[in-house]
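Student: There's a structure below that I have some questions on.
The values are calculated or read from the model by the stated rules, or taken from the named source; none is laboratory data. Predicted model only: the values in this text are computed from it and were never measured. In this analysis, Cβ positions are derived from the backbone assuming ideal geometry, glycine residues included, and neighbour counts consider all displayed protein chains.
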Amino acid sequence: MAEYDRQTLGARAGSALAIDEGLRSYMLRVYNYMGLGLVVTGLVAWFASNAAISNGELTQWGALLYTSPLAWVVMLAPLGFVLVLSFGINRLSVGAAQGVFWAFAAVMGLSLSSIFLVYTGASIAKVFFITAATFGAMSLYGYTTKRDLTGMGNFLMMGLIGIIIAMIVNIFLGSTMLDFAISVIGVLIFTGLTAYDTQKIKESYSESYGADVLAKNAIMGALSLYLDFINLFMMLLRLFGNRE
């Protein structure tokens, strides 16, 4: 009987160790996707902004990217890729899902390239490192906390809908005070969502069965964290970025 108990405990310990190793590998895959996505976005944005300006004047490429109807396509295209992944991930192969994610990251770079024309390079770098530190701390909290963040996540999602509506309204109002309030509240919302999404991604590991499902869930997790990072970065840039 004692020998049976030892074997049972050993099996459980081995199973727990395997789950722990699997979870670490899964989360590492999520962060790798996210990090590489940010690299793709940054490189595309930098090269696109450099190609858009020559001797202080917009080039043909710049005029096409920022002043033609194509500007609306570029601005809205990332949303299309997010919808494809969100609603079509189960119908896509792992390779196709990866391709859509990288294409999304590249198009997002085109969409964000104008920040290099609006803000100084030094302030963009400063805000990026502030964002990285904040994101890292909150993601670590979301990964390690034993507290259930579901309630907080639902509240933050309602707040996110609120600031989206406020941003649309402010397009017509042009209020600097409302813009400041949106940025401050946006920082709080995306800081909280970073922790919530990290916990949700961690929990999704135990609910995933099969290599393909794990791979697709890792891509969707990376997309969630990528969007948290980018939106947090943009909100902080609006608050602390120095304009050219």
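Student: Somewhere in segment 176-186, is a residue among the hydrophobic types (A, V, I, L, M, F, W, C), closer than 30 Å to Arg24 by Cβ, loosely packed, with under 14 Cβ neighbours inside 10 Å and at pLDDT 90 or above?
Tutor: No: segment 176-186 contains no residue that is among the hydrophobic types (A, V, I, L, M, F, W, C), closer than 30 Å to Arg24 by Cβ, loosely packed, with under 14 Cβ neighbours inside 10 Å and at pLDDT 90 or above.
Student: Have a look at Gly121, Gly142 and point out the one that is at pLDDT below 90, of a type outside the set (A, V, I, L, M) and on the phi < 0 side of the Ramachandran plot.
Tutor: Gly121
Student: I want to confirm something. Restricting to segment 53-71 and keeping residues that are closer than 26 Å to Gly99 by Cα and aliphatic (A, V, I, L, M), which single residue is surrounded by the most Cβ atoms within 10 Å (Cβ to Cβ)?
Tutor: Leu65
Student: Of all residues in segment 72-85, which are surrounded by 11 or more Cβ atoms within 10 Å (Cβ to Cβ) and closer than 17 Å to Ile230 by Cβ?
Tutor: Scanning segment 72-85 gives Val74, Met75, Leu76, Ala77, Pro78, Leu79, Gly80, Phe81, Val82, Leu85.
Student: Mind checking which residues of segment 77-98 are assigned to a helix (DSSP H, G or I) and under 12 Å from Lys216 (Cα atoms)?
Tutor: Within segment 77-98, Leu85, Ser86, Gly88, Val94, Gly95, Ala96, Ala97, Gln98 qualify.
Student: What residue, of Thr131, Thr120, is among the polar types (S, T, N, Q) and under 13 Å from the mean Cα position of the chain (by Cα)?
Tutor: Among Thr131, Thr120, only Thr131 is among the polar types (S, T, N, Q) and under 13 Å from the mean Cα position of the chain (by Cα).
Student: Tell me which residues, restricted to segment 212-244, are surrounded by 19 or more Cβ atoms within 10 Å (Cβ to Cβ), out of contact with any Phe, Trp or Tyr (no Cβ under 8 Å at 6 or more places or on another chain) and among the charged types (D, E, K, R).
Tutor: Answer for segment 212-244, where residues must be surrounded by 19 or more Cβ atoms within 10 Å (Cβ to Cβ), out of contact with any Phe, Trp or Tyr (no Cβ under 8 Å at 6 or more places or on another chain) and among the charged types (D, E, K, R): just Lys216.
Student: Six or more apart or on different chains, Cβ under 9 Å: which pairs go from a residue in segment 123-147 that's surrounded by fewer than 19 Cβ atoms within 10 Å (Cβ to Cβ) to one that's part of a loop (DSSP other than H, G, I, E, B)? Could you list them?
Tutor: Ser123/Gly241; Ser123/Asn242; Lys126/Gly241; Lys126/Asn242
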